[in-house]
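Structure, as structure tokens:
The values are calculated or read from the model by the stated rules, or taken from the named source; none is laboratory data. Note that the structure is predicted; figures quoted are calculated from it, not measured. Cβ coordinates were reconstructed from backbone atoms using ideal geometry, including for glycine residues, and neighbour counts include every protein chain displayed.
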Amino acid sequence: MKHSLNAQTIKDEWLSNIRGDVLAGITVALALIPEAIAFSIIAGVDPMVGLYASFCIAVVISIAGGRPGMISAATGSMALIMVILVRDFGLEYLLAATILTGIIQFALGLLKVGRFISFIPYSVVLGFVNSLAILIFLAQIPFIIGASLPVYAMTAATIGIIWFLPRFTRAVPAPLIAIIVMTAIAIGTGLSVLTVGDLGTITKALPLFHLPMVPLSIETLLIILPYSVTLVIVGLLESLLTASIIDEMTGTKSNKNREVKGQGIANFITGFFGGMAGCAMIGQSVINVTSGGRGRLSSMTAGLFLIFLIIVLGDLLAQIPMAALVGVMIMVAIGTFEWQSVKDIAKIPKSDAFIMLTTIAIVVYTHDLAKGVLTGVVLAALVMAWKMSVISVSGNIREDGVKIYAVKGQLFFGTMSAFIDLFDYTGDPDKIEIDFQNSHIWDQSAVEAIARVIDKYQQEKKSVYVTGLDVESQSTLDKGFS
């Protein structure tokens, strides 16, 4: 039975969509190249560091990851963290930090931290998606501001092909067709436009196993640990949020804890092959899914075709016009942005709108995903705490003379003081009933609050009955009084 299940899993995840996965993977590989080079430049390292990282991570994550169809590689959010480390200590320390990042991520996967993604509110997820769409778009602006007319024409033509071609055929991904057509035009006409090769030198060589040349000491650990921890946080946030988005796009579920471990394995291996740390990429993942990629084969194809391009077709690869890739990424940005969230902004609670807009503003301003998402989560927690901290009672006297207090709201440490002050201890009749049918007792502070209310009434020689408790609240109260 187990063998059959494994065979079925392999078929579903690797072999159920071979044609779609291969074509989508080829498209993604082409889109990975300029970004991997650009991210290497951001981090202050040779372009091959980003390209090797994208190859290694894409291949490893296709096997070890928990979200089939999601693309992981070198990313800008991770590159920004590496700048100071590379500047102050050099590439070898970056490779060591990448290995340590992988070790920490794998350990967190064993601790099953993937489940904590459910604690990120939807308003923060919307902010994350929209801010990344904006960043993807803004990253294309330098390539087109002040550019020549042919650049604008090629960018517009690329967008046009991607927009209109799917209306006639989906046999081949539209972005792939657009890149091939624009490259053919650029080479055939000899147009003088910015190409992939202009961004950096592409070395036609496979990555080789390499032990980072750093001292094995506590001092080295103290240098790389702060960077590795930051890389872990950013990498897991971006990967898990992207996995959730791809889950929604494909109508399927992913194994978040396996994804955390997979990211760790991928970064650990990458560090030994001259690559920088990476994580899931929402832009390339969207390209993959919209191009028909669904299985693990799409990520594997992206990585293998990327290294094939580098080694075999390096000269041709260098001639791909950046205008074509800019057009592809602009369409990715448009497709990634949740336009419905703009239409709904007047309908949703003001607090949710504020959280979403704050998340967007911080991510776009700082280019730091972790700061934006963590701020959004903290704001959402504060809003929830504020809403939960409202508690009230309404008192009515029955025909038999018993006064019933109906409690509404959550009783916990945040509402303890307010709850105690809600009762008329001296003016109430001799018998009091406190009805918790519309409330819940959460913690020891709640038990203490009830005990103090009872004590105050007893000092007035009055009796109190607590009713309407659900099973969990009754258990909490019984334990507190035992």
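Here are some notes:
- Selection of segment 29-47 for residues being of a type in the set (Val, Ile, Thr) and not in a helix (DSSP H, G or I) yields only 45.
- Failed condition for residue 300, given (1) within 24 Å of residue 17 (Cβ to Cβ); (2) at pLDDT below 95; (3) among the aliphatic types (A, V, I, L, M): (2)
- Helices (runs of 4 or more DSSP H) within segment 277-339 that include 2 or more residues surrounded by 24 or more Cβ atoms within 10 Å (Cβ to Cβ) and of a type in the set (S, T, N, Q): 282-290, 296-311
- With respect to the conditions (1) within 24 Å of residue 255 (Cα to Cα); (2) buried (at least 21 other Cβ atoms within 10 Å of the Cβ); (3) in contact with a Leu (Cβ under 8 Å, 6 or more places away or on another chain); (4) not aromatic (Phe, Trp, Tyr), residue 18 lacks only one, and its number is (2).
- Residue in segment 405-424 that is touching a Gly at 6+ places or on another chain (Cβ under 9 Å), more than 30 Å from residue 125 (Cα to Cα) and loosely packed, with under 14 Cβ neighbours inside 10 Å present: yes
- Every listed requirement among (1) without any contact (Cβ under 8 Å) to a residue 24 or more places away in the chain; (2) in contact with a helix residue (DSSP H, G or I) (Cβ under 6 Å, 6 or more places away or on another chain); (3) of a type outside the set (Ser, Thr, Tyr) is met by residue 111 save one, (2).
- Segment 86-95, residues that are part of a helix (DSSP H, G or I) and either over 17 Å from residue 265 (Cβ atoms) or outside the structural domain of residue 255 (by TED's automatic domain parsing) (or both): 86, 87, 88, 89, 91, 92, 93, 94
- Residue within segment 299-307 that is more than 30 Å from residue 121 (Cα to Cα), in the same structural domain as residue 338 (by TED's automatic domain parsing) and out of contact with any helix residue (DSSP H, G or I) (no Cβ under 6 Å at 6 or more places or on another chain) present: yes
- Between 136, 104, 99, the distinction of being buried (at least 19 other Cβ atoms within 10 Å of the Cβ), under 16 Å from the mean Cα position of the chain (by Cα) and in the same structural domain as residue 225 (by TED's automatic domain parsing) belongs to 136 only.
- Taking the criterion of being in a helix (DSSP H, G or I), in contact with a helix residue (DSSP H, G or I) (Cβ under 7 Å, 6 or more places away or on another chain) and modelled with pLDDT under 95, the residues of segment 58-84 that qualify are 76, 77, 78, 79, 80, 81, 82, 83.
- Contact map, segment 314-343: residues that are hydrophobic (A, V, I, L, M, F, W, C) paired with residues that are assigned to a loop (DSSP other than H, G, I, E, B), Cβ distance under 8 Å, separation 6+ or inter-chain. Pairs shown: 317/202; 318/202; 322/193; 322/194; 322/199; 323/147; 323/193; 323/194.
- Against the test of being closer than 23 Å to residue 328 by Cα and at pLDDT below 95, the options 53, 29 yield a single qualifying residue, 29.
- Segment 171-184: number of residues that are in contact (Cβ under 8 Å) with a residue 24 or more places away in the chain, within 13 Å of residue 24 (Cβ to Cβ) and over 29 Å from the mean Cα position of the chain (by Cα): 0
- Some residue of segment 142-160 being part of a helix (DSSP H, G or I), within 18 Å of residue 376 (Cα to Cα) and within 26 Å of the chain's Cα centre (by Cα): no
- Residues of segment 237-272 that are surrounded by fewer than 24 Cβ atoms within 10 Å (Cβ to Cβ) and of a type in the set (Asp, Glu): 247, 248.
- Total residues in segment 460-480 satisfying the condition of being assigned to a helix (DSSP H, G or I) and either at pLDDT 90 or above or surrounded by fewer than 17 Cβ atoms within 10 Å (Cβ to Cβ) (or both): the figure is 7.
- Being modelled with pLDDT under 85, out of contact with any Ser or Thr (no Cβ under 6 Å at 6 or more places or on another chain) and not small (Gly, Ala, Ser) is a condition met by at least one residue of segment 133-154.
- Residues within segment 324-371 that are among the aromatic types (Phe, Trp, Tyr) and touching a Leu at 6+ places or on another chain (Cβ under 7 Å), tallied: 0
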